[in-house]
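Working notes, beginning with the structure itself.
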Amino acid sequence: MPLSRLNKQQLEAATADFGKNLIIASAGTGKTSTIVGRIAYLLKNGTEPNKILLLTFTNKAAAEMTARLKRYFDSSVIDKIEAGTFHAVSYRWLKARNPKLTLKQPGELKTLFRTVYEKRAFHRLNLGLKPFSATYLYELYSLYQNSCLDSFSSWMQEKYEEHKPLLDIYQDIIDEFEQTKEEYGFASFNDLLILAIKSIKEKPIIFDEVLVDEYQDTNTLQEALINTLNPKSLFCVGDYDQSIYAFNGANIENISTFAERYRGAKVYSLSVNYRSSEAILNLANRVISKNERIYPKELKVGRVGESIPPKLLIYDTLFEQYQSIAKLIKSSDTSYEDIAIIFRNNSSADGLEASLRELNIPCKRKGGTSFFDAKEIRFILDIVSIVTNPKDLMAFISVFEYARNVGASLAKDIFTSLNHFGEGCLIKGILKPTVMELPKLKRVNNRQLGLFDDSEEIGLASRFAFMGFSKEILTHPIIKISKIEKEALQFFENFYKLIKEINPNSSSYVIVNKIITSKLYEYIVDLLSSQRAKLKTGEIDLNKKEESKKRIMHKARLLLELSKPYRELSRFLNAMILGGGELSEGEGVNLLTVHASKGLEFKDVYIVDLADNRFPNRKLMSKNGGIDEERRLFYVAVTRAQSRLYLSFAKYDKIRKAEYQPSQFLFEAGLLRKKEEIRD
């Protein structure tokens, strides 16, 4: 049984009485084993598996824990446990009650938000105040949803009083945005939690115990969901010193005030680290002890063997730093997969990757642009989404914006027209239109500022007569839309042929393969590779274009492989949307932001660019938790290392012509005692 493998501290926590229990699990102290042990204890003592809810921050973590439990319990028992991320679990509950709900990615919703925002003529107000951009206002709204339960206007007024003259317009944009989402059944990741809370209040879901992993990363909205569930017992596992998501709305007070908010709560501590050597732990303890101690602790060494002192590397320039680290890795006997280079800022990644590639060292990046955010992957998933849910306006707009001279506004009109041609069915409107006249497109009168949609004029079908289009296209009512030009109609013809080829009842693999081998995707590959190979002169580097095409198709084939386990297209799409951020591509040395490194461990770790204003990043820390949060980021980075830890600093950036002083964390770690010790 899992309980027999636990140490004294872990066992005491795992067998705690029903109630409000907080487990402070320091880095590398076996929190996963403790959670698995707790669930085993619950099952052993008669708790029904369907009365257990496990909330995690990655689906991978939930899968790992349930897989461990299946070593000791029958799969049919463990499969009854509700397990997954806050968003994945909420999505399952909501889909069961409303099958038409469609989860949309932030990028898609930003596009929708922009179409609402751009209807407002801010320039007419003459307030002498520059309004927030559409993107920034959307991000503020998202942060508000994560961190506050008051009204958006009140929250905005408290933070941005100088924008008070614009608050009514901002609120009106939010209201129309929410109405549009509701009309089409769209939901953001935040909406999943908001709607789940509302749904549970109307029809409660009862659990005997809710277990929460990485509790220090919960935000106000997630805490509200936990409280709405109001389970008989709560088992939260986290570490105050690993709270590093303030920028995303994480509320560190959730963990710091746990014992105050829950009467009779018990707090347990895990302090034996089984991951890192004594020298690495001593360094981590020295630095993190500078932060306020909410829960007293000191990491203890649980592993035996050689303890290699962390090494400080000092260089004259940034690029020398990157090249030298690449050479150290090349000469190391550690396998590339067991090595991580961790950085605070994404700007470090390009120089590191270039230096590694120069020495033919394979590497993979995680923590920057997600694989699933790549345009070539997003396009495939948008087509899948249209096939799965033909009412998906945002997927349709995202696809048709690739057509030449088709923006979001015209794409939306095309979508509306195709639905009209098919009497409310998009696919019918594409393939077998029965209504041949254009719809009267709805005009909206905004109560604050006017809208600027031009009236639609019927185009002449004859203008396309001798351009080589098929009979199906020349007789299609879409050609009556006056704004559609030749290139847009060619795009539609390829789209038409692809939709005609797809059988929605086929397997996910067959459908994705149809997409990536289509004329439409061939056009997308050519367009994107041309954009990525364009020189400053405007010319296309043909060699770069071919390389870009290969990379695009490599990603497409990777997505094709990911589709294999999913017979149902909707399950494949849901898995890709909800689990997308957990995938990193390729093999080799791991290039990671600190945030992306969390929860991982490596034999050798290099923490680079430990210069003042790079790490700690003083610009970001002024917005997100101050120096304490930057120190927690450093602590997380250090405690990823098992055996060898290298910390590096460069004095000068030739490109920016900027001089750097060493990070204060190097002094706090005891690696530097005074500035005079910095030498070549």
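The values are calculated or read from the model by the stated rules, or taken from the named source; none is laboratory data. This is a predicted model, so every value here is computed, not measured. Ideal geometry is used to build each Cβ from the backbone, glycine not excepted, and the neighbour counts take in all protein chains shown. Calculation scope for accessible area: heavy atoms of the full protein, side chains included, ligands and nucleic acids excluded. Shrake-Rupley method; radii C 1.70, N 1.55, O 1.52, S 1.80 Å.
One way to sum up the overall shape of the stretch 208-271 is the equivalent ellipsoid from its Cα gyration tensor, whose semi-axes run 18, 15, 10 Å, largest first.
In whole Å, what three semi-axes, largest first, describe the equivalent ellipsoid of the stretch 305-440 built from its Cα gyration tensor (square root of 5 times each eigenvalue)? Numbers along the way, then the final one.
Details: eigenvalues 571, 47, 25 Å².
Semi-axes (√(5λ), whole Å): 53, 15, 11.
According to the calculation over all Cα-Cα pairs in the stretch 283-330, the P(r) per 10 Å bin from zero is 18, 30, 30, 22, 2 %. Rounded to the nearest 10 degrees, what's the angle between the helix 134-147 long axis and the longest principal axis of the chain, both from Cα atoms, 0 to 90? Around 50 degrees separate the two axes. As a calculated quantity, the FRET efficiency between Asn7 and Glu292 at R0 = 22 Å, using C-beta atoms, amounts to about 0.20. Share of the chain's accessible area from carbon and sulfur, percent, 1.4 Å? Percent of accessible area from carbon and sulfur atoms in the chain: 48.
Using a 1.4 Å probe, what is the accessible area per residue for the chain, in Å²? It would help to have the intermediate numbers written out before the result.
On the way: 31700 Å² over 680 residues.
Value returned for the chain: 47 Å² of accessible area per residue.
Here the scattering of the stretch 65-171 is modelled by Debye summation over its C-alpha atoms, one equal scatterer each and no solvent; at q = 0.21 Å⁻¹ the log10 of I(q)/I(0) is -1.18.
The simple spin-label model puts a point 7 Å past each Cα toward its Cβ; for Ser347 and Ser151 those points are separated by 4.1 nm.
With the convex hull drawn around the C-alpha atoms of the chain, the volume per residue stands at 190 Å³. Here the alpha carbons of the stretch 126-244 define both size measures, Rg and Dmax, at 17.4, 58 Å.
Using only side-chain charges placed at the Cβ, +1 for Lys and Arg and -1 for Asp and Glu, the dipole size of the chain relative to its Cα centre rounds to 680 debye.
Would you mind computing Rg(Cα) / (2.2 N^0.38 Å) for the stretch 496-645, counting N as its residues?
On the way: Rg = 21.3 Å, N = 150, 2.2 N^0.38 = 14.8 Å.
The value comes to 1.44.
Calculated mean residue ellipticity, 222 nm, the chain: -13500 deg cm²/dmol, from DSSP H runs (n ≥ 4) at -39500 (n - 2.57) each, averaged per residue and rounded to 500. Rolling a 1.4 Å probe over the protein heavy atoms leaves His87 with an accessible area of roughly 40 Å².
If you take the alpha carbon radius of gyration of the stretch 482-573 and divide it by 2.2 N^0.38 Å, what ratio comes out, to two decimals?
On the way: Rg = 15.8 Å, N = 92, 2.2 N^0.38 = 12.3 Å.
Taking N as the residue count of the stretch 482-573, the ratio is 1.29.
What translational diffusion coefficient, to the nearest whole µm²/s, does the stretch 1-99 have by Stokes-Einstein, given a Kirkwood radius computed over alpha-carbon pairs, a temperature of 25 °C and 0.890 mPa s viscosity? Translational D for this selection: 172 µm²/s.
Compactness of the stretch 254-317, taken as the C-alpha radius of gyration over 2.2 N^0.38 Å, stands at 1.55. Angle between the Cα long axis of helix 347-358 and the longest principal axis of the chain, 0 to 90 degrees, nearest 10? Helix 347-358 sits at roughly 90 degrees to that axis. Evaluated with a Cβ-only charge set (Lys, Arg +1; Asp, Glu -1), the stretch 331-418 carries a dipole of roughly 300 debye about its Cα centre, given to the nearest 20.
Placing unit charges on the Cβ atoms of the charged side chains and taking the dipole of the chain about its Cα centre, the candidate lying farthest along the positive direction among Ser75, Ser570, Phe122 is Ser75. When peptides 651-659, 389-397, 483-491 are ranked by their average number of other Cβ atoms within 10 Å per residue, the highest-first order is 389-397, 483-491, 651-659. In the chain, the longest principal axis of the Cα atoms and the axis of helix 519-532 are about 60 degrees apart. Here the relative contact order of the chain, from alpha carbon pairs under 8 Å that lie six or more residues apart, stands at 18 percent.
Between Lys80 and Ser482, the modelled labels are 6.6 nm apart [label points 7 Å from Cα along Cα→Cβ].
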